[in-house]
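A.B. asks: If you scroll down you'll find the structure; I have some questions about it.
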Amino acid sequence: MTEKFYYDNKIVRNFAVATIVWGIIGMTVGLLAAMQLFKPELNMGSQYTTFGRIRPLHTNAVIFAFVGNAIFMGVYYSLQRLLKARMFSDMLSKIHFWGWQLIIVSAVITLPLGFTSSHEYAELEWPIDIAITVIWVVFGINMFGTIIKRREQHMYVAIWFYIATFVTVAVLHIVNSFQLPISLFKSYYLYAGVQDALVQWWYGHNAVAFFLTTPYLGMMYYFLPKMANRPVYSYKLSILHFWSLIFIYIWAGPHHLLYTSLPSWAQSLGVVFSIMLIAPSWGGMINGLLTLRGAWDKVREDATLKFMVVGLTAYGMATFEGPMLALKQINAIAHYTDWIVAHVHVGALGWNGFLTFGILYWLIPRIYRTPLYSKKLAAFHFWIGTLGIIFYAVPLYFAGFTQGLMWKQFTEDGMLKYPNFLETLLQIIPMYVLRAIGGAMYLIGVIVMTYNIIKTARAGKLLANEPAEAQPLSKTYEAVGSDKKIHRILERKPMVFMVLSLIVILIGGMIEMMPTFTIKSNIPTISSVKPYSPLELQGRDLYIREGCVSCHSQMIRPFRSETERYGEYSKAGEFVYDHPFLWGSKRIGPDLAREGDKYSNAWHFNHLLDPQTMSPGSIMPPYEWLINQKLDTTTTIAKINAMRTLGVPYEPGFEHKANSHLNNQAKEIAADLRKSNVRVQSDKEIIAIIAYLQRLGTDIKAK
Amino acid sequence: MNMIYLLIGCSILLALMFLLAFFWMIKSGQNDDTFTPAVRILFDDEVAEREIQISDEDHA
């Protein structure tokens, strides 16, 4: 009656190796980006390694490569054991593994080249988006295939989280990837302005929820009880917090857009649901920490459990801080500052990083059938990692409050106390240095772990196929007692479970998006707002390529401190032709929403050539390649056509006149530059980007 | 602005529905046995688990 079968450990090992390799790469790129914030020359004078291009490389590498591979490692290990079955198909496992690594490699190539959609955490261009969809479906088939051929009736709570992760990430990725391609590596989002912002942050926030949180909660529910050899504290709590977490999380996106041009009813919904999120988030944390009741003596001895405890605590802190940051009063100070960067890193380094390390230390010795090489090195990793997080986060919190308050400081005469943005930045540069030290400490810990794990693997031998045995599922299953209860029945029905979680996560997004897309009064039109000229459009795409949006917002909030500094606050109707929106989320430099006509063309030229000459102390890198590189005008026709398809009112036939229009405008700018003794040919990229910068915000600018 | 009254009404109604569902869940004994599923995963009886010798020896 009992069936013999084998767990596939090789695929788990492969994902583990990928986790470590990409983790080191992603964190090193992060460290490089962090150091460029106090030493811009560390871009090595190359456009491919400049902050605006490597910042998305860092975020993509740590989220989708490091955490992504760790998720698959944890899921492939726990799923097989929870279901008493080998993965559905070895071939699909292989396609999944190599496909995912290939996607990451393509990101490593395309992002430094400047191929970016500019949507945060979704920067990869459309062909890679399609590849991600295909591989994600492969993962889904492999997971559900395993669930279908399981030898265990009941699906443990970890699997619910895996199912919710699978369906929600699929929905998020697809909806946030609706783009109109104009060439192999360039596309425009279907949505514009306010709507694009709403979709992006619905996606962005739920990438945190369903890529960085739910799969890790699932892994926590499997690995923590196994490590402590204790059942999970409350199974009831896990049911409650699972459903409430996935239902509430999806609504929270608009808290990234408080005080922006997003309709305020949507902002309020985002705030309310963010506050409610404390409950289910802490439900998960409490369930994890209390699982260790009666096992705290083990925590003292065991670095693995220490990682889990600090990881869960970091999760608790980040999920308390998140709702606080979603309060409008706090957000008014924190938004656009380093406070947000500190917040996400407590989550990423503490929760995702430490759980990953804990699981690696526990799992590698098991599949290699040998004790961990050194517990002392693991303990060292734990302490330097914890100190690294503190040294990373505390200076950035300090930098965040300082700068946020300086931006808002008025003198007694009612003038801005720090009218020069740069002054507020120079104040916090020492904090950037400390942050980089914290990051370096954390990275050293990871390298020590790598050594420890290599030594462990060398000492043992991979048990590629681990024998196991279990009874097959009986065809005539009769539920008795508690197994007849509704949720317990649901716990035996994977497909119903998937559909139900899909419905639960669709509600919030639909209620927020449908009115924003359909009701006209949400985005009042402004008749003076006109489409970009061809040169400005090309300049805008260069702005996107260089990742300017990483450091410069284009969204002036309706505060006196902002209108004094930047000009009239931004209106929803100003962005109707912005495919994609470029509001940004961080001000390392000043906001640019009303940059047009503020300075002369020559100022912009000299500033881009060497920012230090115009603003001494500036940490913006020089962009001299914009002066040497010729603007590619072969794409103009396709771009105008694409924009018209998306509803931008270029008159019919304009695409054929577009390039001559472009040349004329470029010549005017070059002629104006010549008056200021700046000699540059009109066909260079810098002319286009100056044209774009001079256009920004001028449509409704009060003269 | 009038929308807010409708929204408050909807929210309270929804909250009440969740509350009733919660009470029903408790009363009908949906959670009478939350022990079995939580404990079962601990009894895997894995081969690898059996063969790892717990050792206090440190190599570093």
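A.B. asks: When a/c is below 1.5 the answer is rounded, else prolate if a/b is larger than b/c, else oblate, so apply that to the stretch A:534-700 with a ≥ b ≥ c taken from the square roots of the Cα gyration tensor eigenvalues. Numbers along the way, then the final one.
C.D. replies: On the way: a/c = 1.80, a/b = 1.11, b/c = 1.62.
It comes out oblate by the Cα gyration axes.
A.B. asks: Ok, one more. Just to confirm a number: summing +1 for Lys and Arg and -1 for Asp and Glu over residues other than A:Arg458 whose beta-carbon lies under 14 angstrom from that of A:Arg458, what do you get? Can you show the working numbers first?
C.D. replies: Working: positive: A:Arg13, A:Arg369, A:Lys455, A:Lys461; negative: none.
Charge balance near A:Arg458 sits at +4.
A.B. asks: Tell me, how many Å apart are the Cα centres for the stretch A:455-507 and for the stretch A:141-184?
C.D. replies: Each part's Cα centre sits 15 Å from the other's.
A.B. asks: To continue, here is another question. May I ask for the angle, rounded to the nearest 10°, between helix A:278-291 and the longest principal axis of chain A, with both axes built from Cα atoms and the value confined to 0 to 90°?
C.D. replies: Taking the Cα atoms of chain A, the angle to A:278-291 is about 40 degrees.
A.B. asks: What residues have an amide H closer than 5 Å to that of A:Lys417, excluding those fewer than 5 places away on the same chain, when H is modeled at 1.01 Å from N in the peptide plane?
C.D. replies: Result for A:Lys417 returns A:Gln409, A:Phe410, A:Thr411.
A.B. asks: From the phi angles alone, apply the Karplus equation (6.51, -1.76, 1.60; θ = phi - 60°) to the stretch A:249-265 and give each ³J(HN,Hα) in whole Hz, x where the residue is Gly or Pro.
C.D. replies: So the Karplus estimates, Gly and Pro as x, are 3, 5, 7, 7, x, x, 5, 7, 10, 5, 6, 8, 7, 5, x, 6, 5 Hz.
A.B. asks: OK, next. Tell me, A:Tyr203, A:Tyr397, A:Tyr361, A:Tyr451 in order of fewest to most beta-carbon neighbours within 10 Å?
C.D. replies: On the way: A:Tyr203 23, A:Tyr397 19, A:Tyr361 26, A:Tyr451 14.
Final ranking by Cβ density, sparse to dense: A:Tyr451, A:Tyr397, A:Tyr203, A:Tyr361.
A.B. asks: Shifting gears a bit: Taking A:Lys493 as the anchor, which aspartates and glutamates have their alpha carbon closer than 17 Å to its alpha carbon, excluding any fewer than eight residues away along the same chain?
C.D. replies: A:Glu152, A:Glu478, A:Asp483
A.B. asks: Going by how many other beta carbons lie within 10 Å of each one, how would you line up A:Asp597, A:Asp129, A:Asp196, fewest first?
C.D. replies: By the 10 Å Cβ count, ascending, the order reads A:Asp597, A:Asp129, A:Asp196.
A.B. asks: Hey, which of these cross-link pairs are over 23 Å Cα-Cα: A:Lys186/A:Lys571; A:Lys598/A:Lys657; A:Lys376/A:Lys455; A:Lys328/A:Lys571; A:Lys10/A:Lys84?
C.D. replies: Where the Cα-Cα span goes over 23 Å, the pairs concerned are A:Lys186/A:Lys571; A:Lys598/A:Lys657.
A.B. asks: For a quick check: with amide H placed at 1.01 Å from N, whose amide H comes under 5 Å from A:Tyr7's, ignoring anything fewer than 5 positions away on the same chain?
C.D. replies: A:Glu466, A:Ala468
A.B. asks: Where both residues lie in chain A, what percent of DSSP beta bridges are antiparallel, nearest 5? Walk me through the intermediate numbers first.
C.D. replies: Details: 12 of 13 bridges.
DSSP beta bridges in chain A are roughly 90 percent antiparallel.
A.B. asks: Still on this model: Using θ = phi - 60° and the Karplus relation 6.51 cos²θ - 1.76 cosθ + 1.60, list the HN-Hα couplings for the stretch A:459-473 in order, rounded to whole Hz, with x at every Gly or Pro.
C.D. replies: Per-residue couplings from phi come out as 6, x, 9, 5, 8, 5, 10, 8, x, 8, 9, 7, 6, x, 5 Hz.
A.B. asks: Is there a simple number for the mean count of other chain Cβ atoms within 10 Å of the Cβ of residues in B:25-36, and what is it?
C.D. replies: Taking the mean over all residues of the peptide, I get 5.
A.B. asks: Okay, next question. So how do A:Arg644, A:Arg458 line up by other beta-carbon neighbours within 10 Å, fewest first?
C.D. replies: The most exposed by this proxy come first: A:Arg458, A:Arg644.
A.B. asks: Moving on to the next point. Under a 5 Å amide H to amide H cut-off, with H placed in plane at 1.01 Å, what residues pair with A:Asn176 once short-range neighbours are removed?
C.D. replies: Amide H to amide H, under 5 Å and 5 or more residues apart or across chains, A:Asn176 pairs with nothing.
A.B. asks: By how many degrees, 0 to 90 and rounded to 10, does the Cα axis of helix A:157-175 deviate from the longest principal axis of chain A?
C.D. replies: The two axes meet at around 20 degrees.
A.B. asks: Which shape class applies to chain A: rounded if a/c is under 1.5, otherwise prolate when a/b exceeds b/c and oblate if not, where a ≥ b ≥ c are the square roots of the Cα gyration tensor eigenvalues?
C.D. replies: Note, shape of chain A comes out prolate.
Computed from the coordinates by the stated procedures, all read-outs in this text should not be read as laboratory data. These numbers come from a predicted model, not from an experiment. Glycine also receives a Cβ, built like all others from the backbone with ideal geometry; neighbour counts cover every protein chain displayed.
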